[in-house]
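Each remark here refers to the structure printed beneath this line.
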Amino acid sequence: RGYCSRRLRRLRKTLNFKMGNRHKFTGRKVTEEILSDNRYLLLILMDAERAWSYAMQLKQEANTEPRKRFHLLSRLRKAVKHAEELERLCESNRVDAKTKLEAQAYMAYLTGMLRFEHQEWKAAMEAFNKCKTIYEKLANAFTEEQAVLYNQRVEEISPNIRYCAYNIGDQSAMNELMQMRLRSGGTEGLLAEKLEALITQTRAKQAATMSEVEWRGRTVPVKIDKVRIFLLGLADNEAAIAQAENEETKERLFESLLSECRDAIQAVREDLKPDQKQREHSLENDSGKVSNIQYLHSYLTYIKLSTAIKRNESMAKSLQKALLQQQRSEEDGKRTPRPQDLIRLYDIILQNLVELTQLPGLEEDKNFQKEIGLKTLVYKAYRCFFIAQSYVLVKKWSEALVLYERVLKYAREVQSGAGAHTNSLKELPDVQDLITQVNAEKYSLQAAAILDANDTHETESPSQVKDGKPLSERFETFCLDPSLVSKQVSLVHFPPGFQPIPCKPLFFDLALNHVAFPPLEDKVEQKAKSGLTGYIKGIFGFKS
């Protein structure tokens, strides 16, 4: 909006198209007769763009101040008015065919935006379709470089068309909107909030028929609407994550799912407080089985922790791919990932698995505890592997070798304990691939350690070994010390170290209590006799 205002001022000054003077406003309109310069058309275009950008600003502010929606609609109407004037001027013979078509498409787009805000779906859809058709024809008529811009505009308009079609009554448009949401990594503009609200509204209608959920052999009634909506959309969200084309889109969908799960858990937790008080009163007669609302809370917490584990595992896989391309990234001068980054992710995964074992109602489920134990061993193996990799980078060969042996130990425990839990381990990383990789890394490590030891014996001689002592303490020993000719030469310890010295002796006057002082009574009496006589003699100058 600010840019359009400044551009308008520059154009009016350049074209000498003034609106009166500083004392009086005189309105002027751009007519066909003065279209000698194409910048006159830019005046109308900048007016329309300024009104549209102000409308977009008001749309953001209307989330907290609903009254600004009326101002938003007013600015959109003003933008449509300027677009109509631009289209009328472009009908002149002085304007080429391409500009005429672009003006018509621009007019149709702004009209569709205005009808979209008024929720006049049919009129908005017609305007958007007209705009899309013009851009498609323009894309086919020009070069590939120009066609890219027109096709981009078509992709931006398509979600709005499908949204209007859904509101008119086309149920198949919902699936297309979801696919667009996945391909684009999220919608923008006026459609973003409306699409999320539409998804929530659709799930809310389906939630009315959902009354219970079954998990690990126990059926639990679901009475909270927010939980129903979340559970109905869980499968769709997981499918969307699996179909995501890039890591950025997948990360955004994971965050959205975790946010919805936290909201559902909070809703259950509010109902859980009174239920907990009732359970405390009836605990003596209870057999230890948790209540339905507590079990539902455990189920939602399980979903949250499992989703967090999948998200961290997805991030770990992307980091592992980046580690394989580390040499190429170093050549480009970019920051390369390190094994320490993966160690942190696996620490978080192991912490989530510990929380899973402590869920109320699942303490006695041996199969569940066994599955979590196997998963813990798998992630511990990968964590140890990357810790070993970090030790290899700093040439700590013995520590890395011990950790590789620990990885093999964990992997063999997983293979021996899998048995009936093979289905639950399908989603986890393959342990056999890890064993193969560790065996190869062990041979490479042993070869590198031998080469490093040989290099150390060849390059290091006693005459070149430094013990860190300053020059003043090693006069008797000859060694080649290049630092003696550098600016950081070590001659003496500075500041010097502290040395013990005897402290100042303390004297105690023990004879003071045994000394008899001479009497002073005679001197005190003599001073007392002087009195008034001495004072008078002192005044007249007589001395005794």
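What the table shows:
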quantity: Subset of segment 279-325 [at pLDDT 65 or above, more than 24 Å from Asn237 (Cβ to Cβ), part of a helix (DSSP H, G or I) and open to solvent by 50 Å² or more (accessible area, probe 1.4 Å)]; calculated: Asn292, Gln320, Lys321, Leu324
quantity: Check on Glu155, charged (D, E, K, R), open to solvent by 60 Å² or more (accessible area, probe 1.4 Å) and within 40 Å of the chain's Cα centre (by Cα); calculated: yes
quantity: Matching option when the condition is modelled with pLDDT under 90, open to solvent by less than 20 Å² (accessible area, probe 1.4 Å) and of a type in the set (A, V, I, L, M, F, W, C), among Leu110, Leu76, Leu86, Leu177; calculated: Leu177
quantity: Qualifying positions in segment 55-72 - of a type outside the set (Asp, Glu), open to solvent by 50 Å² or more (accessible area, probe 1.4 Å) and outside any loop (DSSP other than H, G, I, E, B); calculated: Gln57, Gln60, Lys68, Arg69, Phe70, His71
quantity: Residue within segment 198-212 that is over 36 Å from the mean Cα position of the chain (by Cα), modelled with pLDDT under 80 and of a type outside the set (Ser, Thr, Tyr) present; calculated: no
quantity: Search result, residues across segment 19-44 that are in contact (Cβ under 8 Å) with a residue 60 or more places away in the chain and either in contact with a strand residue (DSSP E or B) (Cβ under 7 Å, 6 or more places away or on another chain) or crowded, with 16+ Cβ neighbours inside 10 Å (or both); calculated: Leu35
quantity: Subset of segment 1-18 [of a type outside the set (Phe, Trp, Tyr) and open to solvent by 50 Å² or more (accessible area, probe 1.4 Å)]; calculated: Arg1, Arg6, Arg7, Arg9, Arg10, Arg12, Lys13, Thr14, Asn16, Lys18
quantity: Residue in segment 114-127 that is over 37 Å from the mean Cα position of the chain (by Cα) and crowded, with 20+ Cβ neighbours inside 10 Å present; calculated: yes
quantity: Ala97 being loosely packed, with under 13 Cβ neighbours inside 10 Å, of a type in the set (A, V, I, L, M, F, W, C) and under 20 Å from Ala141 (Cβ atoms); calculated: yes
quantity: In segment 408-461, residue farthest from the chain's Cα centre (by Cα) [restricted to those that are modelled with pLDDT under 65 and part of a loop (DSSP other than H, G, I, E, B)]; calculated: Ser461
quantity: Every pair of residues 6+ apart whose Cβ atoms lie under 8 Å, when the first sits in segment 429-450 and is open to solvent by 50 Å² or more (accessible area, probe 1.4 Å) while the second is outside any helix (DSSP H, G or I); calculated: none
quantity: Subset of segment 371-398 (residues that are exposed (fewer than 15 other Cβ atoms within 10 Å of the Cβ) and part of a helix (DSSP H, G or I)); calculated: Leu393, Ser398
quantity: Selection within segment 218-251 - surrounded by 13 or more Cβ atoms within 10 Å (Cβ to Cβ) and under 13 Å from Ser314 (Cβ atoms); calculated: Glu238, Ile241, Ala244, Glu247, Thr249, Lys250, Glu251
quantity: Flag if Gln104 is over 27 Å from Lys18 (Cβ atoms) and in contact (Cβ under 8 Å) with a residue 24 or more places away in the chain; calculated: yes
quantity: Verdict on Ala48 being without any contact (Cβ under 8 Å) to a residue 60 or more places away in the chain and in a helix (DSSP H, G or I); calculated: no
quantity: Filtered residue count, segment 7-28, keeping only those that are modelled with pLDDT of 85 or more and among the charged types (D, E, K, R); calculated: 5
quantity: Among (1) over 24 Å from the mean Cα position of the chain (by Cα); (2) at pLDDT 85 or above; (3) closer than 26 Å to Arg262 by Cβ - the single one Lys273 does not satisfy; calculated: (2)
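The values are calculated or read from the model by the stated rules, or taken from the named source; none is laboratory data. Model, not experiment: these values are computed from the prediction. When we count neighbours, we look across all protein chains shown, and the Cβ atoms used for this are built from the backbone with ideal geometry, even at glycine. Surface accessibility is based on the protein's heavy atoms, side chains included, excluding ligands, DNA and RNA. Shrake-Rupley method; radii C 1.70, N 1.55, O 1.52, S 1.80 Å.
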